[in-house]
Amino acid sequence: MSEECQKGGNPSAGGLDAIIVHNRLSKIKNKLVVMSGKGGVGKSTVAVNLAMGLAMEGYSVGLLDIDLHGPSVPKMLKLEDEVPVATSEQLMIPVSFGGLKVMSVGFLLRDTDEAVVWRGPVKMGVIKQFITDVEWGELDYLIVDAPPGTGDEPLTICQLLGNEAGAVIVTSPQQVAAVDVSKSLNFCCQLEMPVAGIIENMSGFACPHCGEITPIFSAGAGEQLAEKYGVELLGRIPIDPVICQDGDAGTPFVHHHAKTATGRAFAEIVQKIAGREPAV
Ligand SMILES: Nc1ncnc2c1ncn2[C@@H]1O[C@H](COP(=O)(O)OP(=O)(O)OP(=O)(O)O)[C@@H](O)[C@H]1O
Ligand SMILES: [Mg+2]
């Protein structure tokens, strides 16, 4: 990272059962946290499609949704009615979507409209349990979908995963997004968490008829942030109405529309991530 980054060190994850956390995490080769200082830029969409894209490449993948107040992953994979079952050792078995192992607080709520009213320490405990009390087994990748901002949830997961994990930062192209997304990059810097790269989502509009990409927002936030912080721009994903339809229908876009221009944009990002990680 460049001098934009003012390091503060990763504070201790004190009080956590470090041995159990270490044992669980030692079976997971690569951990990536999808985050952004900005809400609604497509973090969950990126997390779901990144996880699915890696699974389609033959990797064993877990997808952990730590958006405790607005879990989107169960809906995006049409798993709202699923409940994780427990092993004889009282570990939760992730819900399966094809080969993908999925865990979300959404599976533990009585109904999808239920509001979670938890203070910071409770949230930290729940996220810790998603590592200690879930039977993830051996994984090539664990993809984490974080809520917007730099609050308790991203802080807790980054402290648990440690500096071997990487952050995938999602932005939209506008300057107004760049201001908020900078905060996520500084957050990573302070925790000394490596940044795997930036994804500029909603980057132009993909015509549903001819596939041509038309820029509709002011552009360039992804590239500017990548340059300023000395990190890689992993790719640009256009606005494609089908992504939205697939998210609502619970069918991961990359699985059904791999051959479209947008599908190829996702595939290139998956290749970049998989290409440089020591998995498999
Ligand atoms: N490239 C895209 N093209 C079209 N629609 C998109 C695209 N990316 C995301 N969306 C849609 O935008 C909406 C918000 O996306 P998503 O829920 O992934 O954002 P988020 O950053 O996770 O939001 P939050 O901050 O609330 O967690 C969803 O309806 C999703 O389908
Ligand atoms: Mg989300």
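The values are calculated or read from the model by the stated rules, or taken from the named source; none is laboratory data. What you see is a predicted model; the values in this text were computed from it and never measured. Every residue, glycine as well, gets a Cβ built from its backbone with ideal geometry; the counts of neighbours run over all protein chains shown. When the accessible area is computed, the model is the full protein with side chains, heavy atoms only, and any ligands, DNA or RNA have been set aside. Shrake-Rupley method; radii C 1.70, N 1.55, O 1.52, S 1.80 Å.
Quick notes on this one:
- The number of residues in segment 252-270 being open to solvent by 50 Å² or more (accessible area, probe 1.4 Å) and under 17 Å from LEU63 (Cα atoms) comes to 1.
- Any hit, segment 83-97, residues being outside any helix (DSSP H, G or I) and within 15 Å of ligand 1 (Cβ to nearest atom): no
- Residue check for ALA206: within 16 Å of ligand 2 (Cβ to nearest atom), open to solvent by less than 10 Å² (accessible area, probe 1.4 Å) and at pLDDT below 95: no
- One residue stands out in segment 210-245 among those that are free of Cβ contacts under 8 Å to residues at least 40 places away in the same chain and part of a helix (DSSP H, G or I): the one that is nearest to ligand 2 (Cβ to nearest atom), namely CYS244.
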